[in-house]
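Worksheet: the structure to be examined is printed underneath.
The values are calculated or read from the model by the stated rules, or taken from the named source; none is laboratory data. Computed from a predicted model, the values in this text were never measured in an experiment. Cβ placement follows ideal geometry from the backbone for every residue including glycine, while neighbour counts extend to all protein chains displayed.
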Amino acid sequence: MTEILWLVFDLTLLILLLALAWLTCATRDVMRAVTLFIAFGLLLAIVWARLNAPDLALAEAVIGAGISGALLLSSIKDYPSKQPDRKQSRVMEGMINVMTLALTGIMSWAAWHALEISDGVRLSEQVYAQVPASGVSNPVTAVLLNFRAYDTLLELAVVLVAVLTILTLNEKRPRAPEIPAALLQSMTRWMVPVLVIMAGYILWVGAHAPGGAFQAGAMLAAAMILQQLANTSMQRNINLLLVRILLVMGIFTFVLVGLWMMSLNDDFLAYEPAWSGSLILIIEAAATLSIATALTLAYMGGRPAGWENANKTRSSTAEDGEAL
Amino acid sequence: MIDALAIVSIFCGLFFFLSGSIGLLRLPDLFSRLHALAKADNVGLALITLGIILIEPDPVNDIKLVATWLLVMASSAISSHLIARHALRESRDND
Amino acid sequence: MMAVDSTFSLLGIALLIALNLLLLSLIIGLLRAWLGPGVEDRFSAILLLGTGGVAILFILALLLQVTALYDVALVLALLAVVGTVALTRSEQSDD
């Protein structure tokens with residue numbers, strides 16, 4: 001009986017996911033598409049939870065529902081609600097169809113192939129065998145920060161390059177000084193600290209339970225985005241030099257640890273086994289701050305006022321009272 | 001038996017949840033829909049949380065459950081207030 | 001002492017039925033996301049997904065015996081507000 005019920009649940013989730021994905025792309029109304037996309041993100045988090053992948057569920061909930069939602073909503077605010085019909089050339093349509101079919105075919109083949117392997121040692125078994133030696137007990141963190149640490153370093157670099165691109169393209173538009181609801185201001189006063197504490201908790205617990213640097217960084221960014229959106233009357237001069245330092249701190253710490261280990265063990269990022277846990281925590285803490293800064297800057301969409309002079313002076317608040 | 005009580009609680013919570021969703025679909029106006037959302041769904045969540053606590057009492061998890069429930073209540077109330085205020089402003093601007 | 005959710009226990013079946021009914025209420029809410037004449041109506045479906053998602057995560061945590069899902073539910077509850085604030089505070093014109 002329980003198998004049937006699980007099957008119903010799984011099939012419904014699957015159909016719902018596909019339907020949401022299709023409808024998000026098919027609808028002409030931009031607002032509807034964004035809302036359906038956020039719903040899709042939330043549903044995907046539930047699917048990850050169902051598939052026994054809490055790390056992914058955490059990441060999807062924070063980034064897919066929170067950050068992506070905020071990013072999309074703030075970037076379409078100037079769009080007209082209905083997009084006009086755009087005539088697309090037949091060639092382009094044909095190419096898109098062919099590439100989509102090809103991609104679907106390749107991924108289906110890969111999934112079928114992965115499920116059909118009956119003999120041979122699977123990679124996950126090898127990973128589980130090595131996890132106790134890695135310094136952490138959460139296998140996801142072990143893979144991300146120890147076995148495949150180089151990949152994570154490059155991912156941080158990708159994030160940095162993306163943020164730098166955003167920063168070079170645009171100046172931050174000043175916000176209209178609308179007075180926020182009193183409820184919003186008082187809520188922010190306790191919500192932002194709760195979010196920060198939660199981010200720290202997720203960072204810390206990532207060593208032995210689902211969590212880690214990316215999730216914690218995204219939560220911290222959500223806290224900063226909330227702070228920015230609420231536009232509290234607290235005016236602060238944010239030291240933009242500090243922002244720059246935070247932005248690169250993750251990669252800097254990572255590379256520094258790698259070089260240090262190279263001087264000890266003759267291999268870039270070859271952790272000293274006794275120090276693995278502490279090294280991973282240090283790298284993750286720095287990466288959290290970097291990711292949070294990067295995502296917040298990406299949300300802001302451009303250079304804050306006074307960015308070019310960050311090395312010389314502190315930033316000044318813009319005249320409309322907007323504070324970072 | 002505690003488990004039976006928990007199941008009853010969960011199904012009562014489900015009843016409230018479903019009625020909240022149906023209300024979201026069928027009620028005529030945004031503001032009435034927000035009522036259905038903020039109130040019925042939260043009562044449903046409260047009953048479901050109670051059921052889960054009864055099934056597996058574990059001190060750390062129970063604190064997390066209750067904290068999550070309180071946060072959901074607070075965020076529902078705040079969110080529906082913000083949405084209603086926003087909608088009111090938009091309609092006032094358009095008139 | 002963990003509750004035994006063996007394959008054929010009544011508790012497991014009841015929880016699974018609850019899970020499916022919660023998914024049903026989510027689908028009903030998503031219809032509002034599709035129809036809703038204004039953006040606020042559509043967004044209230046996101047609120048429903050937040051609360052319903054928390055409930056589903058609770059029951060999944062119980063059925064799959066994965067306590068980390070309680071953390072995910074907590075995070076989901078916190079982020080629903082951020083989304084709402086992003087909606088209501090970003091729909092302003094620049095002067």
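On the basis of being at pLDDT 85 or above and touching an Asp or Glu at 6+ places or on another chain (Cβ under 8 Å), does residue A:249 make the cut? When the stated conditions are applied, residue A:249 does not pass them. Taking only region B:14-59 into account, find how many residues are over 16 Å from residue B:72 (Cα atoms), among the charged types (D, E, K, R) and more than 7 Å from every other protein chain (Cβ to nearest Cβ). Qualifying residue count, region B:14-59: 3. The lone criterion from (1) more than 26 Å from the chain's Cα centre (by Cα); (2) closer than 23 Å to residue A:100 by Cβ; (3) hydroxyl-bearing (Ser, Thr, Tyr) left unmet by residue A:24 is number (1). Quick one: would you say residue B:51 is in contact (Cβ under 8 Å) with a residue 40 or more places away in the chain and assigned to a helix (DSSP H, G or I)? Answer is yes for this residue. Candidates in region A:24-42 are the residues that are of a type in the set (A, V, I, L, M), more than 7 Å from chain C (Cβ to nearest Cβ) and touching a helix residue (DSSP H, G or I) at 6+ places or on another chain (Cβ under 7 Å); of these, the one that is farthest from residue C:66 (Cα to Cα) is A:33.
Looking for whichever is facing chain A (nearest Cβ under 7 Å), under 20 Å from residue B:9 (Cβ atoms), part of a helix (DSSP H, G or I) and hydrophobic (A, V, I, L, M, F, W, C) here; the options are C:62, C:49, C:23. Which one fits?
C:23
Quick grid of which residues meet (1) modelled with pLDDT of 85 or more; (2) within 20 Å of residue C:40 (Cβ to Cβ); (3) not in a loop (DSSP other than H, G, I, E, B):
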| position | (1), (2), (3) |
| --- | --- |
| A:35 | yes, yes, yes |
| A:39 | yes, yes, yes |
| A:44 | yes, no, yes |
| A:48 | yes, no, yes |
| A:60 | yes, no, yes |
| A:65 | no, yes, yes |
| A:73 | no, yes, yes |
| A:87 | no, no, no |
| A:92 | yes, no, yes |
